[in-house]
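Undergrad: Here it is: the structure, laid out below.
No value in this document is a laboratory result; all are computed from the given coordinates. If you're wondering where the values come from, they're calculated on a predicted model, not measured in any experiment. Note that each Cβ is placed from the backbone with ideal geometry, even for glycine, and that neighbours are counted across all protein chains shown.
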Amino acid sequence: MDAVVTSEQVREVLGSVVDPERGQSVVDLGIVRSVDVADDGRVAVVLAVGAPGSPIRAQYEGAIRDRVGALHGVSSVTVGFDLPSAEEKEALGKRGQKGGLPEGALAGVKNVICVASGKGGVGKSTLTANLAAALAAEGKRAAALDADVWGYSIPRMLGVHGRPTVNADRKINPLEAAAGVKVMSIEFFLEAQDQAIVWRGPMLHKAIKQFLQDVEWGEVDFLVLDLPPGTGDVSMTLAQLIPSARMVIVTTPQPAAQKVAHRASELARRFDLEIAGVIENMSGFTTPSGERFTIFGEGGGQLLADELDVPLLAKIPLQESLRVGADEGRPLVLDDPHAPASQSIRQAARGLIAMAPIPAFEVPPAAPASSGRRSALPTAGAQKPPAESPDAAPPPEQGPKVTGTPLSLPLSR
Ligand SMILES: Nc1ncnc2c1ncn2[C@@H]1O[C@H](COP(=O)(O)OP(=O)(O)OP(=O)(O)O)[C@@H](O)[C@H]1O
Ligand SMILES: [Mg+2]
C-alpha cells in the first residue's frame, strides 16, 4: 500500500503557492489555517484569506489542488476558506507591506468603518456624520474622519469648525462635535472654508496616513470614515493602511445605482476589506399624511446586500429634516431622535455594534490611556512637508508650542 503523504510534505508544497501581488507564499504570509491529512490520502487545506467569491480564493484553490494533488499518496484535495481574523489581516498587511501605519497607530481605536459608494451624492457624508452621532447616542465612543479630502463636508454636517491643537506628544487633537464625537477633516487646516485643494495621488496617500497616525484619536469604539465617491486612490490607501477596516456600502434603491455600488464592493474584495453591510439611502418618501412614494425606486439595497451576502443594515427614508440638519451642522439623529430617518440610522448603528469588535484594535485593559506605547510613533512635527508643498498648514492657535507643522498637507491658496 502507498505511503500516505504527510502534512509536512503538503506544507512544503504550499510554500510554492505564491500570492501574485505580494510575491510571497501562502506559508510565508501566514494564511494557512490548517492542513489535515486522512489515512486514505484525503487532504484538506484551509486558508484564511479574502472574502466569499473573491478571485484570489479561486486562484489559490486551483494552484493548491494542482500542486498538492500531484503529490504521491494524495487521493483528493479540498481547499476551504475562512475569513482572516483581524490579527491575521494586520499581520498580512505588515508582511505584504506597501505603506502601512507604524506600530501602535490607532492603538485605542477598536473599529474602523469606511462609508463608501460607487457614485456620488448618495448620502455617504450625511450618513457618516449621523452614524457617528448615532453610535455616540448608543453609548459608544465615536469619531468621524473626513477621508474625502476634495469634497470635505463632515465639519459642516457635524457643525464643528476650527483649528486643532497639538498635544505634548506632538499629535493633533481632533475637534469635538455634539455628543462628544471626535472629528478630523482637511478643512481644519485650510485658511478659509470651501477653499479648493489641488492634490496629487501620493500627496493624498500621505495626507490620509497622517490623519490616521498623527491624530490623537485616543480610545474610540468606532472611527467612521467618509470616503470620496468612486473607487479611487483613497479607498486603496485605506485598504493598505488599515486592513482590518470594514466597509459600509451606501446605495440608492434603484438597480442602476446598485450596479455602481457593486463596483465599490469589488474593490473592497480586491483589497480584502470586509464589507460590514449595505445601507439603502433615499429609500422612499412618506408624506405627512402617510402616503409613501418610492421616488428612487425600490429594492436595490436588499439586492446588493443579497449579492454580497452581507446584511442590509438599514433603509433610510428621504427626509427633508435630515438634509436640513446636515446643512446646519445638527445631525438629525441627535436633533430629532424619533424622526423616521433617525430611527433607521440608529438601527444601522446598532447593527454595526452587534458585529463583534475587531480584536486587533483592542487595547489591553491594563494599558494606561496615554502611555509610552505611542512613543514609537513618528510625531507630526517630525514629518517634513513634502517638497511640492511650499504652503504647509499653519501652526495651531493653542496648545503646546511645536516646531514644524502639525500636518504636512499640500494646500493651495
Ligand atoms: N435620506 C435623505 N433624505 C434627504 N436628504 C438626503 C438624504 N440623504 C442625503 N441627503 C442629502 O443629499 C445630499 C447629498 O448627500 P451627501 O453629501 O451626504 O452625499 P455624498 O454621497 O457624501 O456625496 P459626495 O459623493 O458628493 O461626497 C445632501 O444635501 C444630503 O443632506
Ligand atoms: Mg460626501
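Undergrad: Between Glu87 and Gln24, how many nm apart are label points set 7 Å from Cα along the C-beta direction?
TA: The modelled label-to-label distance comes out at 1.7 nm.
Undergrad: When a/c reaches 1.5 or more, the comparison of a/b and b/c decides; with that in mind, is segment 99-361 rounded, prolate or oblate per its Cα gyration tensor? Kindly include the intermediate steps, with their values, before the conclusion.
TA: On the way: a/c = 1.58, a/b = 1.33, b/c = 1.19.
Judged from the Cα gyration tensor, segment 99-361 comes out prolate (a/c at least 1.5, a/b above b/c).
Undergrad: Please arrange Met184, Met236, Met157 by how many other C-beta atoms lie within 10 Å of their C-beta, fewest to most.
TA: So the residues, fewest neighbours to most, are Met236, Met157, Met184.
Undergrad: Which of the three applies to segment 21-84, rounded, prolate or oblate, going by the alpha-carbon gyration tensor with a ≥ b ≥ c and a/c under 1.5 meaning rounded? Could the numbers behind the result be given before it?
TA: On the way: a/c = 1.86, a/b = 1.73, b/c = 1.08.
Verdict is prolate for segment 21-84.
Undergrad: Another question, then. By counting other Cβ atoms within 10 Å of each Cβ, how are Asp39, Asp148, Asp28 ranked from fewest to most?
TA: Going from least to most buried by this count: Asp39, Asp28, Asp148.
Undergrad: Once each part is reduced to its C-alpha centroid, what is the distance from segment 5-19 to segment 252-331 in angstrom?
TA: Using only Cα atoms to place each centre, the spacing works out to 44 Å.
Undergrad: With each label point set 7 Å from Cα along the Cα-Cβ vector, what nm distance links Gln254 and Arg33?
TA: 4.1 nm
Undergrad: With label points built 7 Å along Cα→Cβ from the Cα atoms of Gln302 and His338, find their separation and express it in nm.
TA: Taking the simple label geometry, Gln302 and His338 are separated by 2.9 nm.
Undergrad: If r is the Cβ-Cβ distance from Met355 to Glu191 and R0 is 41 Å, what FRET efficiency results, to the nearest 0.05? Don't skip to the end; give the middle numbers.
TA: On the way: r = 40 Å, r/R0 = 0.99.
That gives a FRET efficiency of 0.50.
Undergrad: Please compute the length gained on full extension between Arg42 and Gln347, using 0.36 nm multiplied by the number of residues separating them and subtracting their Cα-Cα distance.
TA: Here the answer is 105.2 nm.
Undergrad: Past 26 Å, Cα to Cα, is the threshold; run Lys140/Lys315; Lys140/Lys171; Lys110/Lys209; Lys206/Lys259; Lys119/Lys209 against it and keep the listed order.
TA: Lys206/Lys259
Undergrad: Which residues in segment 23-46 have a backbone N closer than 13 Å to a point placed 7 Å from the Cα of Ser75 along the Cα-to-Cβ line?
TA: From segment 23-46, the list is 37-44.
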